[in-house]
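Working notes, beginning with the structure itself.
The values are calculated or read from the model by the stated rules, or taken from the named source; none is laboratory data. What you are looking at is a predicted structure, and each value in this text was computed from that prediction instead of being measured. Because the Cβ atoms are built from the backbone with ideal geometry, glycine has one as well, and the counts that use them run over all protein chains shown.
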Amino acid sequence: MYLPKQFEVQDLTVLHQLIHDYPLATLVNYQAENLNANHIPLMLLPESEARSWGALQGHVARANPLLQEIQENPEVLVIFQGAQSYISPSWYPSKQEKHQVVPTWNYTAVHAYGKVRLIEDSLWLKTHLAAMTAQHESLFPEPWKLTDAPVEYVEKML
């Protein structure tokens, strides 16, 4: 991604906040001479034992071809996009003086590179789903919990 130095942010707190606020990621992988993109909500673990900059956790349906693809090539690019907006040349005060302005786009994004590690453990998955649900449901007056669904149904979905 082209990134002028004056717009580069390296503060992990700021980057982690964007990931937290905009968790629907675009996960890009390369397989069989093709690029593939999946949109997956991911959860950030800011302080991971494996990486000082954190780790991302998510889940996908077993029917998703991504599962096979990342077993063959686990390298991925994960993109989180935050707020964005078109910027009109009319916004710049210098337009009235010199008229030497052009439109642009203001946006926030985080690119994370790494390798996917598959975890085939129903207890891990249940814990992950409960945590992810709790995080997103916390904004509602009566948050839904994983335990609100019938046990048999949850086990089947896992």
Are any of the residues in segment 16-34 among the charged types (D, E, K, R) and modelled with pLDDT of 95 or more?
-> yes
Taking Thr147 as the residue in question, decide whether it is of a type in the set (Ser, Thr, Tyr) and not assigned by TED's automatic domain parsing to the domain that holds Leu56.
-> yes
Name the residues in segment 74-103 that are surrounded by 13 or more Cβ atoms within 10 Å (Cβ to Cβ), touching a Pro at 6+ places or on another chain (Cβ under 9 Å) and not in a loop (DSSP other than H, G, I, E, B), would you?
-> Phe80, Ile87, Pro89, Lys95
Of these, Val9, Val60, which one is over 24 Å from Ala131 (Cα atoms), surrounded by 12 or more Cβ atoms within 10 Å (Cβ to Cβ) and assigned by TED's automatic domain parsing to the domain that holds Tyr107?
-> Val9
Selected residue (only one of Glu69, Glu47, Glu142 is on the phi < 0 side of the Ramachandran plot, outside any helix (DSSP H, G or I), modelled with pLDDT under 95 and of a type in the set (D, E, K, R)) = Glu47
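For every residue, the table says whether it meets (1) surrounded by fewer than 16 Cβ atoms within 10 Å (Cβ to Cβ); (2) in the same structural domain as Thr133 (by TED's automatic domain parsing); (3) of a type outside the set (Phe, Trp, Tyr); (4) closer than 30 Å to Glu137 by Cα.
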{"position": "Ile19", "(1), (2), (3), (4)": "no, no, yes, yes"}
{"position": "Ala32", "(1), (2), (3), (4)": "yes, no, yes, no"}
{"position": "Leu35", "(1), (2), (3), (4)": "yes, no, yes, no"}
{"position": "Glu47", "(1), (2), (3), (4)": "yes, no, yes, yes"}
{"position": "Ser52", "(1), (2), (3), (4)": "yes, no, yes, yes"}
{"position": "Glu69", "(1), (2), (3), (4)": "no, no, yes, no"}
{"position": "His111", "(1), (2), (3), (4)": "yes, no, yes, yes"}
Provide a single number: the residues in segment 14-57 that are in contact with a helix residue (DSSP H, G or I) (Cβ under 9 Å, 6 or more places away or on another chain) and touching a residue at least 40 places away in the same chain (Cβ under 8 Å).
-> 12
Look at Thr133 and say whether it is of a type in the set (Val, Ile, Thr), within 25 Å of Tyr22 (Cβ to Cβ) and not assigned by TED's automatic domain parsing to the domain that holds Tyr30.
-> yes
Qualifying position, being in contact with a Ser or Thr (Cβ under 8 Å, 6 or more places away or on another chain) and without any contact (Cβ under 8 Å) to a residue 12 or more places away in the chain, among Trp144, Trp91 | Trp144
Within the group Gln68, Gln135, which residue is in contact with a strand residue (DSSP E or B) (Cβ under 9 Å, 6 or more places away or on another chain) and free of Cβ contacts under 8 Å to residues at least 12 places away in the same chain?
-> Gln68
